[in-house]
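Student: A single structure is presented below for examination.
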Amino acid sequence: MNSPNSMPKSVRRAPWRKVVFALVGIAVMVLVFAFLFPQFGDYQTALTKVAAMGPWWIAALGAASLANIIIYPFTGIAAIPKLSYRASFVSRQSGFLLSNVVPGGGAVAVATQYAILAKYGVNTARAAAAVSADAVFTYLFTFGTPAIALLLLNINGKSAAAYNVLAIVGLIVVIVSLIGVIIILRSEDGARRIGAFASKPIGAIFTKLKKPTPDITGSLVTFHTQASEMVATRWPQLAAANFGAQLAPMGVLIVALAGLGAFPGDLTFLEVFATFSIALLLTAVPLTPGGLGTVDAALVALLIGFGLDSSTAIAADLIWRLAWFLPQLLVGLGALGLYWWDRRRQQRGHRLVDESLT
């Protein structure tokens with residue numbers, strides 16, 4: 001396990017790889033926003049619809065955005081019960097910023113959260129368990145919700161045949177993953193068996209790529225050691241907090257659609273849920289920061305597929321990005337500033353360790 005102040009090896013990429021990764025991300029965003037979206041509809045018409053939103057809807061968007069920001073840190077408190085909201089806020093919002101701005105920022109965000117939690121009095125093992133448990137629930141949510149949404153659509157007589165294969169694949173992934181996670185968490189022997197089983201196909205892939213094979217078994221045993229007790233005792237709180245944090249951005253999207261007059265008239269709740277959850281799958285493929293471009297293209301295409309006109313779909317996506325993504329990035333920047341301020345206070349003799357953990 002890395003120390004709180006060290007960076008995982010995956011973060012230390014060759015400079016040229018970072019440049020290539022960034023260029024690919026920029027190219028994808030330009031392709032989507034400059035070439036693909038104009039095929040769907042006119043930007044001017046979309047912006048006109050945005051400008052026509054009344055002040056009450058602007059206020060509602062602000063409230064939904066604020067709720068999203070407030071809810072997000074509770075995932076840290078769910079994992080570490082005595083952690084203060086301030087410490088969790090700084091850790092989680094800083095992690096959101098780095099994972100969505102820095103190329104390959106997931107590993108950087110994890111290392112940063114370790115360092116921040118350590119400064120607030122959380123030991124390395126506990127911090128690692130919290131971050132690992134959060135990652136598991138996020139993964140299960142990302143792959144599980146599309147299947148749930150499309151199943152509910154079919155039950156309610158809504159045609160979603162074009163996405164049924166995706167739903168089935170997602171459901172299989174979630175079931176297999178859930179069984180694997182349960183086996184890993186129950187015993188170290190189970191973690192070793194899953195690791196040995198997974199090492200063969202993963203090793204073959206890395207061999208073909210001419211890269212060193214990662215220690216899958218060792219990583220799973222470490223995960224068992226770090227997270228088994230926490231997940232066993234805190235899983236209801238972890239599930240509830242992550243469910244709220246993952247769905248809060250959808251709340252912003254619903255308000256945006258309602259402000260544009262598209263919800264609940266043109267779209268049902270289940271259709272919005274399916275749109276959001278399927279588009280969210282693309283965040284698992286980090287081609288661009290925060291899924292910019294890729295998630296947006298999927299979101300707009302799905303909204304149009306469910307019957308929304310193209311200009312309103314583009315307007316909803318633009319509002320969603322401006323009311324959800326941008327504010328949380330700015331809050332993340334503020335969280336890093338707050339952490340810097342707290343460290344300065346610590347250097348001047350003030351106690352930074354979270355008193356609730358002592």
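The values are calculated or read from the model by the stated rules, or taken from the named source; none is laboratory data. Computed from a predicted model, the values in this text were never measured in an experiment. Ideal geometry is used to build each Cβ from the backbone, glycine not excepted, and the neighbour counts take in all protein chains shown.
Student: Go through segment 261-275 and count every residue that is modelled with pLDDT of 90 or more and within 18 Å of R321 (Cβ to Cβ).
Tutor: 1
Student: Follow-up question, since we're still on this one. Out of V108, V131, V174, report the one residue that is within 23 Å of W235 (Cα to Cα), within 18 Å of the chain's Cα centre (by Cα), modelled with pLDDT under 80 and buried (at least 16 other Cβ atoms within 10 Å of the Cβ).
Tutor: Only one candidate qualifies: V174.
Student: Residue by residue through segment 188-230, note down the ones that are surrounded by fewer than 18 Cβ atoms within 10 Å (Cβ to Cβ), more than 22 Å from R126 (Cα to Cα), among the β-branched types (V, I, T) and at pLDDT 80 or above.
Tutor: If the condition is that a residue be surrounded by fewer than 18 Cβ atoms within 10 Å (Cβ to Cβ), more than 22 Å from R126 (Cα to Cα), among the β-branched types (V, I, T) and at pLDDT 80 or above, then no residue fits.
Student: Spot the failing condition for I184; the list is (1) over 24 Å from the mean Cα position of the chain (by Cα); (2) in contact (Cβ under 8 Å) with a residue 24 or more places away in the chain, and only one is missed.
Tutor: Failed condition: (1).
Student: If I ask for residues that are within 17 Å of L260 (Cβ to Cβ) and either at pLDDT 85 or above or not in a helix (DSSP H, G or I) (or both), which ones from segment 279-300 would you list?
Tutor: L299, V300
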